[in-house]
Amino acid sequence: MEEKSELLILNPEDEEIFQKLYSEGLKYSKQCSLEESMPVPKFYTKLPNHENMISLKLREEARTAFLQKKSKELLDNNELQNLWTLLDKNHSPPAGSEQMINYIDFLKVGSIAGLKYKAFFTPDVFARLLQSDVHGRISTMAVFNYIMRKVWLQQTRIGLSLYDATGQGLLTEMDLENYITELIPTLPQLEGLEKSFHSFYVCTAVRKFLFFLDPLKLGKVRIQDILASGFLDELLELRDEELPKDAQDSNWFSAPSALRVYGQYLNLDTNRNGMLCQEELRRFGTGTLTRVFIQRVFEECMTYEKEMDYKTYLDFVLAMDNKKEPQALQYFFRLLDVNHRNHLNTFDLHFYFKGVQELMQQHKQEVVAFDDVNDEIFDMVRPADPSKITLQDLINCGYGETVINILIDLDGFWTYENREAVVVTDKNNQDKQDT
C-alpha cells in the first residue's frame, strides 16, 4: 500500500500542469453542455393568417422590394447591346463563316464588361457552350443567345413571382388566371378575341399548366416547373404579329386553338345547358369511344350532378391529344385501374376490351377474340411482373398510347390492327408526292 501511495504523489511542477489541463477541460465540458442545452434555431416561420393584416402587408412589401432589387440587377436592353458590341470587337482568329471567341478573349470581354456581367463569363459557361471547334473556341452568337435566354428566364421568374401571393415559389390556379388575364393585352395574336371569351380563354390556357405540372392535383404549380416546361415559350410566341397559321394551329394557347376546343365543347352540348352528360361526350372525336370508358371518365373525374363542366372537359381533351405523355398516361391509368390496385391485370383489360367488342357488333364487324389482344398488350408492355401492368411499365415501354387506343376506342383498335396496311399506304402516298 505504501508503495502505491508514493506513485500517486506528484511533484509541484506536474501538479501545476495537471491543474491547468483539468480546469481547461472542465471549462470546455461546461461550454459543450451549455450548447447542447440550447434550443434548435428557428428555421420555419408560419405564414401570417388573413386576419393579421399588418404582418401580411409587411410580408408583401418586403417581397416586392426584394423582387425590385433583383430586377435592377438584370441586364437591360442597352447593356445587352453593349455586350454584343464587345463580343463583336473581341472575336478570335482565324476568321470563318461565323464569329468565334477563345477562352482568353472570352475572359477579356467579361473583365471589360464589368461586375454586372461577371456571372456569365465563367469557366462553366464557356465549357457549356464549347462544341467541336478545332481551335477550342465558342460562337459569339451562342454566348449572346445564352445570356439573352438567362436574362429572359430571370425576368420571367421575377414577373411570375409577383403573382405568388404566399412567396413560396408556387402559383395557385387563381394566381395563374390573374397572370394570363393581365398578359392578354400584350399578345397581338389575341387582339381579335372578344372580351366575353376572355374568361374561357384564360381557363383553357391555365388547364394546360395544371394538367402537366400538377399531376398530384394539389391546385398549385412550382414557378421553377413553369419555366422549365417550355409552355411560356409557346404562350409568348403570340407576341409575334406574323406568326404562321400552322404554328398557331399547333399552339394550344393560340386564339384559333382555344376557339376550336371551346367550339367542340359547344357542339357536344346538344341540350345547351353548358354541361356534358355521358351520351354527349360519347360523340367526341369520331364517336367510337367505348361506353365503358365514358362511364369510367364520369366515375373518376369531377362532375356536377353527373355532368361534366368545361374545366373537366379540358383535362379530357389534353389527355386525348397527348397520349404519349406521362401525365396523360397517368390520367388514363387511373380510369383503367377499376379496382384501384395500382396495376392492371387480365381482368381489367378484358373489362375494357368488352366495350370495343360491343362496338364491333354494333357496326357489324367481325369480333376479335380478347385472348389474342391480351397477349399482344403484354408482349408490347413487357411488365416487370408478367401477371400485371403498372403505370411505370406503361410509361417505360413506349407503347402506352397504343395500349390506350386499343382499350378505349374502336377506331384506335383498328388503326393498330391494320398498322401494316397503313404504313404501306403512307409509303405509296409519299412515293407519289416524290414523283
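The values are calculated or read from the model by the stated rules, or taken from the named source; none is laboratory data. Being a predicted model, the structure only gives us computed values, none of them experimental. Reconstructed Cβ throughout: ideal geometry from the backbone, glycine too, with neighbour counts over all protein chains shown. For the accessible areas, the whole protein counts, side chains as well, though only heavy atoms, and no ligand, DNA or RNA atoms are used. Shrake-Rupley method; radii C 1.70, N 1.55, O 1.52, S 1.80 Å.
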Write down the radius of gyration of region 280-379 and its Dmax, each obtained from C-alpha positions, in Å.
14.3, 41
Considering only LEU56, LEU314, LEU67, give the residue with the highest GNM mean-square fluctuation for the chain, with springs between Cα atoms whenever their separation is below 10 Å.
LEU56
Per residue, how much space in cubic angstrom lies within the convex hull of the C-alpha atoms of region 300-343?
72 Å³
Find how much the distance from TYR22 to ARG260 grows on full extension, using 0.36 nm per residue of separation minus their present alpha carbon separation; answer in nm with one decimal.
77.2 nm
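With the convex hull built on the Cα atoms of region 203-324, state its orientation-averaged projected area in nm².
8.7 nm²
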All other residues with a Cβ under 13 Å from the Cβ of VAL367 taken together, and with Lys, Arg as +1 and Asp, Glu as -1, what is their net charge?
-3
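Based on the Cα gyration tensor of the chain, what are the three equivalent ellipsoid semi-axes, each the root of five times an eigenvalue, rounded to whole Å and given largest first? Show your work: numbers first, answer last.
Values: eigenvalues 618, 279, 163 Å².
Values for the chain, descending: 56, 37, 29 Å.
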With just the Cα atoms of region 89-183, tell me how far they stretch along each of the three principal axes, in Å, largest first.
55, 27, 21
Using alpha-carbon pairs under 8 Å, 6+ residues apart, how would you state the relative contact order of the chain in percent?
9 percent
Rolling a 1.4 angstrom probe over the protein chains, ignoring ligands and nucleic acids, what is the accessible area of CYS277 in square angstrom, nearest 10?
40 Å²
Name the residue, out of LYS354, LYS108, LYS324, whose mean-square fluctuation peaks in a Gaussian network model built on the chain with Cα pairs under 10 Å.
LYS108
May I ask you to derive the FRET efficiency for GLU79 and THR166 from their Cβ-Cβ distance with R0 = 30 Å, giving the value to the nearest 0.05?
0.40
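Please report the net charge: other residues with Cβ closer than 13 Å to the Cβ of LYS72, K and R +1, D and E -1.
Values: positive: LYS69, LYS70, LYS116; negative: GLU73, ASP76, GLU79.
Summing Lys/Arg as +1 and Asp/Glu as -1 gives 0.
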Looking only at LEU410, LEU344, LEU86, which one moves most when the chain is put into a Gaussian network model with springs between Cα atoms under 10 Å?
LEU86
For the residue pair GLU300 and VAL367, what label-to-label distance in nm results when each label sits 7 Å from Cα along the Cα-to-beta-carbon direction?
2.6 nm
For HIS343, what is the net charge nearby, where nearby means another residue's Cβ is under 14 Å from its Cβ and Lys, Arg count +1, Asp, Glu -1?
-1
Helix 198-213: angle to the longest alpha-carbon principal axis of the chain, degrees 0 to 90, nearest 10?
60 degrees
Between ARG334 and THR346, what length comes free when the chain is fully extended (0.36 nm per residue of separation minus the Cα-Cα distance, one decimal in nm)?
2.7 nm
Filter LYS69/LYS217; LYS208/LYS354; LYS217/LYS311; LYS150/LYS323; LYS57/LYS116; LYS46/LYS70 down to the pairs with a C-alpha to C-alpha distance above 22 Å, please.
LYS69/LYS217; LYS208/LYS354; LYS150/LYS323; LYS57/LYS116; LYS46/LYS70
How much solvent-accessible surface does ASP225 expose, in Å² to the nearest 10, with a 1.4 Å probe and all protein chains in place?
50 Å²
Given the -39500 (n - 2.57) contribution per DSSP H run of 4+ residues, what per-residue ellipticity at 222 nm results for the chain, rounded to the nearest 500 deg cm²/dmol?
-19000 deg cm²/dmol
Nonlocal amide H pairs with LEU344, under 5 Å, H built at 1.01 Å
ILE389, THR390
Listed residues LEU236, LEU216 arranged by accessible area, highest first, probe 1.4 Å
LEU216, LEU236
How big is region 334-425 along each principal axis, measuring the range of its Cα positions in Å and listing the largest first?
35, 29, 20
For the THR286, SER111 Cβ pair and Förster radius 51 Å, calculated FRET efficiency rounded to 0.05 is 0.20
Can you work out the Karplus-derived ³J(HN,Hα) for every residue in region 397-414? Use 6.51 cos²θ - 1.76 cosθ + 1.60 with θ = phi - 60°, whole Hz, and x for glycine or proline.
5, x, 10, x, 4, 5, 4, 4, 4, 4, 8, 10, 9, 4, 4, x, 5, 5
Kindly state, to the nearest 0.05, the FRET efficiency for ALA142 paired with LYS57, given R0 = 56 Å and r defined as their beta-carbon distance.
0.80
Region 333-417, relative contact order in percent, only Cα pairs under 8 angstrom and at least six apart counted
30 percent
Let me know the charge dipole size of the chain about its Cα centre in debye, to the nearest 20, where only the beta-carbon of Lys, Arg (+1) and Asp, Glu (-1) is charged.
1160 debye
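Dividing the alpha-carbon radius of gyration of region 321-387 by 2.2 N^0.38 Å (N being the number of residues), what value is obtained?
On the way: Rg = 13.3 Å, N = 67, 2.2 N^0.38 = 10.9 Å.
So the Cα radius of gyration is 1.22 times the expected 2.2 N^0.38 Å.
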Report, to the nearest 10°, how far helix 103-113 tilts away from the longest principal axis of the Cα atoms in the chain, using its own Cα long axis and a range of 0 to 90°.
80 degrees
Amide proton proximity set for MET100, modelled H, under 5 Å, gap of 5+
SER92, THR140
Testing the spin-label approximation: label points 7 Å from Cα along Cα→Cβ at THR64 and GLN392. State their distance in nm.
4.8 nm
Going by the alpha-carbon gyration tensor, a ≥ b ≥ c the square roots of its eigenvalues, is region 257-321 rounded (a/c under 1.5) or, if a/c is not under 1.5, prolate (a/b greater than b/c) versus oblate?
rounded
